1. Search the stretch 58-77 for residues being within 24 Å of D39 (Cβ to Cβ) and surrounded by fewer than 14 Cβ atoms within 10 Å (Cβ to Cβ), and hand back the single one that is modelled with the lowest pLDDT.
2. Go through (1) surrounded by 12 or more Cβ atoms within 10 Å (Cβ to Cβ); (2) out of contact with any strand residue (DSSP E or B) (no Cβ under 6 Å at 6 or more places or on another chain) for S95 and report which single condition fails.
3. Scan the stretch 17-27 for residues that are more than 14 Å from Y75 (Cβ to Cβ) and either in contact with a strand residue (DSSP E or B) (Cβ under 7 Å, 6 or more places away or on another chain) or touching a residue at least 40 places away in the same chain (Cβ under 8 Å) (or both) and report the count.
4. Quick one: in the stretch 43-57, which of the residues that are loosely packed, with under 15 Cβ neighbours inside 10 Å and of a type in the set (G, A, S) is nearest to D90 (Cα to Cα)?
5. Just give me the residues in the stretch 68-100 being farther than 17 Å from W21 by Cβ and assigned to a helix (DSSP H, G or I), in sequence order.
6. Give me the residue from the stretch 35-67 that is free of Cβ contacts under 8 Å to residues at least 24 places away in the same chain and either small (G, A, S) or assigned to a strand (DSSP E or B) (or both) and, out of that set, farthest from H82 (Cα to Cα).
7. Just to be sure I understand, how many residues within the stretch 9-30 are in a loop (DSSP other than H, G, I, E, B), surrounded by fewer than 13 Cβ atoms within 10 Å (Cβ to Cβ) and at pLDDT below 95?
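The values are calculated or read from the model by the stated rules, or taken from the named source; none is laboratory data. All values derive from a computational prediction rather than experimental measurement. A quick note on method: Cβ atoms are made from the backbone with ideal geometry, for glycine too, and the neighbour counts reach across all protein chains shown.
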Amino acid sequence: MVGYACFGPTPLTHGTFDLYWIAVDPDFWHRKIGHALLDRVEQEVRARGGRLLIVETSSTPPYATARRFYESCGYRYTASIHDFYAPGDDLVTFSKRLSE
């Protein structure tokens, strides 16, 4: 397996989904597998009546690549919760509207 994605509906919302995990083996980075996985997640979310997809990640340097990836896929920085994971490690939230 070179990559996977996991997502689901956000409880108590209307059409909001969370992307829990998306991962690609580093040996396969730069082959657009992450983009293909995320495109498929977005298609599945739309097919299930989703209108908004939320992504959460860390603010630490090792996650800079992930944050750039989400931005390159049209996700907007939405919010931060400081020191969420640990002191100095903020929760960073991105979102993308999938329907107008």
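1. To start, the set of residues in the stretch 58-77 that are within 24 Å of D39 (Cβ to Cβ) comprises 58, 63-77.
This time we only want the ones that are surrounded by fewer than 14 Cβ atoms within 10 Å (Cβ to Cβ), so: 64-65, 68, 71-72, 74, 76-77.
Details: A64: 97, T65: 93, R68: 96, E71: 97, S72: 96, G74: 97, R76: 98, Y77: 98.
Within the stretch 58-77, the match that is modelled with the lowest pLDDT is T65.
2. Unmet for S95, out of (1) surrounded by 12 or more Cβ atoms within 10 Å (Cβ to Cβ); (2) out of contact with any strand residue (DSSP E or B) (no Cβ under 6 Å at 6 or more places or on another chain): (2).
3. Taking the stretch 17-27 and keeping what is more than 14 Å from Y75 (Cβ to Cβ), we get 20-21, 23-27.
Retained after the next criterion (residues that are either in contact with a strand residue (DSSP E or B) (Cβ under 7 Å, 6 or more places away or on another chain) or touching a residue at least 40 places away in the same chain (Cβ under 8 Å) (or both)): 20-21, 23-25.
Residues meeting the conditions: 5.
4. Restricting attention to the stretch 43-57, the residues satisfying the condition of being loosely packed, with under 15 Cβ neighbours inside 10 Å are 43-44, 47-49.
Remaining after also requiring of a type in the set (G, A, S): 47, 49.
Values: A47: 32, G49: 30 Å.
This residue is G49.
5. R68, E71, S72
6. So the residue we want is A47.
7. If we filter the stretch 9-30 for residues that are in a loop (DSSP other than H, G, I, E, B), which is where we start, we get 10-15, 25, 29-30.
Then drop every residue that is not surrounded by fewer than 13 Cβ atoms within 10 Å (Cβ to Cβ), which leaves 11-12, 14, 25, 30.
Filter once more, so that each one left must be at pLDDT below 95: 25, 30.
The number of residues fulfilling the criteria is 2.
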